[in-house]
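Please read the structure below before turning to the comments.
The values are calculated or read from the model by the stated rules, or taken from the named source; none is laboratory data. Only a predicted model underlies this, so the values are computations on that prediction, with no experimental measurement involved. In this analysis, Cβ positions are derived from the backbone assuming ideal geometry, glycine residues included, and neighbour counts consider all displayed protein chains. Protein only, heavy atoms only, side chains kept; ligands, DNA and RNA dropped before computing areas. Shrake-Rupley method; radii C 1.70, N 1.55, O 1.52, S 1.80 Å.
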Amino acid sequence: MKKPSIKEIDDLYNAILQLNSVDECRKFFRDLLTEYEIKEFVERWKAAKMLANGIPYTQIEAETGLSTRTIARVGRWLKKGRGGYSMMLKRTNK
């Protein structure tokens, strides 16, 4: 698989920004991704939320099925990434 260009990546992001509801997201992402890929996204997001709440790796691993390596990666991105996890945690923490 060739590496996508920034323009191609932005094209996808702009398509996502056009979604207006959870139902539209559900339809688009189910067509775009496999069930496994959706599950992986769900579990990474869940891990980010749990890490932000101080939940230990062992509990996250048990609840999500993610490897400790993936949990560590999510934790690293949460602390030293581009701020995407932190931004969305703030926006969704109501």
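Pairing each residue of the range 70-89 that is farther than 19 Å from Lys39 by Cα and among the β-branched types (Val, Ile, Thr) with any residue that is open to solvent by 40 Å² or more (accessible area, probe 1.4 Å) and in a helix (DSSP H, G or I), provided the two are 6+ apart or on different chains, yields no C-beta distance under 9 Å.
Name the residue that is nearest to the chain's Cα centre (by Cα), counting only residues in the range 1-38 that are among the aliphatic types (A, V, I, L, M) and not in a helix (DSSP H, G or I). Out of the qualifying residues, it is Leu33.
Residues are listed down the side, and each one gets a yes or a no for (1) out of contact with any helix residue (DSSP H, G or I) (no Cβ under 9 Å at 6 or more places or on another chain); (2) closer than 24 Å to Arg91 by Cα; (3) open to solvent by 70 Å² or more (accessible area, probe 1.4 Å):
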| residue | (1), (2), (3) |
| --- | --- |
| Leu12 | no, yes, no |
| Gln18 | no, yes, yes |
| Glu43 | no, yes, no |
| Asn53 | yes, yes, yes |
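The C-beta contact set for the range 15-42 (first residue in contact (Cβ under 8 Å) with a residue 40 or more places away in the chain, second residue in a helix (DSSP H, G or I), distance under 7 angstrom, 6+ apart or interchain) is empty.
Answer with yes or no whether Ala62 is without any contact (Cβ under 8 Å) to a residue 12 or more places away in the chain and among the hydrophobic types (A, V, I, L, M, F, W, C). Against the criterion (without any contact (Cβ under 8 Å) to a residue 12 or more places away in the chain and among the hydrophobic types (A, V, I, L, M, F, W, C)), Ala62 qualifies.
May I ask you to verify whether Leu89 is assigned to a helix (DSSP H, G or I), open to solvent by less than 50 Å² (accessible area, probe 1.4 Å) and modelled with pLDDT of 95 or more?
Yes: the conditions hold for Leu89.
Of the numbered criteria (1) surrounded by 13 or more Cβ atoms within 10 Å (Cβ to Cβ); (2) more than 15 Å from the chain's Cα centre (by Cα); (3) not in a helix (DSSP H, G or I), the one Glu61 fails is (3). When we screen Arg30, Arg26 for residues that are in contact with a helix residue (DSSP H, G or I) (Cβ under 8 Å, 6 or more places away or on another chain), charged (D, E, K, R), open to solvent by 80 Å² or more (accessible area, probe 1.4 Å) and over 20 Å from Gly84 (Cα atoms), the only hit is Arg30.
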